Amino acid sequence: STSTSTSTTCVCTSSTSRSRLPRRRRLHPCGRRRWVVVSDADSKMHIPSDGFGGVSPERKAAQALTSLVTFAAAKAVLAQMSGSGRGALGAYNAEGYRALEYALENESLRDADAWLLKLTKANNLVGVRIAETRLAYASTDFEWDKLKELTLDQLQAGNETTMRTAAAETFGRSIEKEE
């Protein structure tokens, strides 16, 4: 219950309707602790998408990962076609091998779907094989949890190195100035 006095009225937006969203106790701008509805969007950091061509960082990462997975699939198929990798599973196909090798060496994989379409037009069977292989790799073999772990470890190590270097340079300069 809120007071009708203007000095104690909460200026923050509050609703009397019950929501199914999670509720947490927070300190409002008015200084009073209240239960407020907090959605997942409210508890996450907002990243402007203007630096990523109008898309979210997650979408940009997905585009990069799509290119990476497509490249990995192409290398796997190339190895199968040359007889290495998975042995006799993939028969040697000289025409397909040359088309795939050409596409890997001469075409940009920045847009993986455009690259795959171009390859499929050059050699339909190899294009379809790459499409199936990249989906299978991403669905079953790619270690998504390991990706997150490695990324977080790399960020942590990078932050520590940066902070140590900056601190050493800062303290080194202040020591030099005192001497």
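The figures follow:
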quantity	calculated
Matching residues, the stretch 55-70, being open to solvent by less than 60 Å² (accessible area, probe 1.4 Å), over 10 Å from the mean Cα position of the chain (by Cα) and without any contact (Cβ under 8 Å) to a residue 40 or more places away in the chain	Val55
Flag if Val77 is modelled with pLDDT of 95 or more, open to solvent by less than 90 Å² (accessible area, probe 1.4 Å), farther than 20 Å from Gln63 by Cβ and touching a Gly at 6+ places or on another chain (Cβ under 8 Å)	no
Selected residue (only one of Ser139, Ser108 is part of a loop (DSSP other than H, G, I, E, B), surrounded by fewer than 12 Cβ atoms within 10 Å (Cβ to Cβ) and at pLDDT 95 or above)	Ser108
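The values are calculated or read from the model by the stated rules, or taken from the named source; none is laboratory data. Not measured: the values here are computed from a predicted model. Methodologically, a virtual Cβ is constructed for each residue, glycine included, from the backbone with ideal geometry; neighbour enumeration extends over all protein chains shown. Note: accessible area is taken over every heavy atom of the protein model, side chains too, but ligands, DNA and RNA are not part of it. Shrake-Rupley method; radii C 1.70, N 1.55, O 1.52, S 1.80 Å.
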